[in-house]
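Everything below concerns the one structure shown next.
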Amino acid sequence: QVQLVESGGGLVQAGASLTLSCVASGRTFSTYTMGWFRQAPGKEREFVAGIRGSGSFTYLADSVKDRFTISRDNAKNTVSLQMNTLKPEDTAVYYCAATTLFGSRSEKDFGSWGQGTQVTVSS
């Protein structure tokens, strides 16, 4: 497992952009598929984006695929989520997570989680 720490959340207006970052501990970061999930108040946690260990392949939820970009820097043990054209419905706590299963969108497959960072989008 790896330890994960997210940062970059905040309060923004609709239409703004925000970049979340997640720093991982450990020497095997590049072997993990990394993912971002989010949980809005009163809702279940949902998959947002994932990226292969090498960074060569990404996959995103339909609700964000035209607005969000996931990337990683294995030299710095970081994964980022660039969020553009934010909408009020993007308001949630965003979590970084790690798995050894490439392509998974299920939180059950992710064994390591960060503490989450709050993103609030006002209308």
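With each label modelled as a point 7 angstrom along the Cα→C-beta vector, the residue 56-residue 108 pair spans 3.0 nm.
Phi-derived couplings, Karplus 6.51 cos²θ - 1.76 cosθ + 1.60 at θ = phi - 60°, listed residue by residue for the range 38-44: 9, 9, 8, x, x, 10, 6 Hz, with x used for Gly and Pro. Taking amide hydrogens as placed 1.01 Å from N in the peptide plane, the amide H of residue 19 sits under 5 Å from those of 83, each at least 5 positions away in sequence or on another chain. In order along the range 77-83, phi translates into HN-Hα couplings of 6, 10, 10, 10, 10, 8, 10 Hz, rounded to whole numbers, per the Karplus curve 6.51 cos²θ - 1.76 cosθ + 1.60 with θ = phi - 60° and x for Gly and Pro. Taking the protein heavy atoms of the chain in the context of the full set of protein chains, the accessible area attributed to carbon and sulfur is 47 percent at 1.4 Å. State the Kirkwood hydrodynamic radius of the chain in Å, one decimal place, computed from all pairs of distinct Cα atoms. This gives a value of 14.1 Å. Normalised by the number of residues in the chain, the mean separation of alpha-carbon contacts (under 8 Å, six or more apart) gives a relative contact order of 36 percent. Put a dot 7 Å past the Cα of residue 89, heading toward its Cβ, do the same for residue 120, and the two dots end up 2.1 nm apart. Taken one residue at a time, the phi angles of the range 26-31 give Karplus couplings (6.51, -1.76, 1.60, θ = phi - 60°) of x, 9, 10, 3, 5, 8 Hz. Gly and Pro are set to x.
The values are calculated or read from the model by the stated rules, or taken from the named source; none is laboratory data. In this text, all values refer to a predicted model and were calculated from it rather than measured experimentally. Glycine gets a Cβ as well: all are built from the backbone with ideal geometry, and neighbour counts include every protein chain shown. Please note that ligands, DNA and RNA were not included when accessible areas were found on the heavy atoms of the full protein model with its side chains. Shrake-Rupley method; radii C 1.70, N 1.55, O 1.52, S 1.80 Å.
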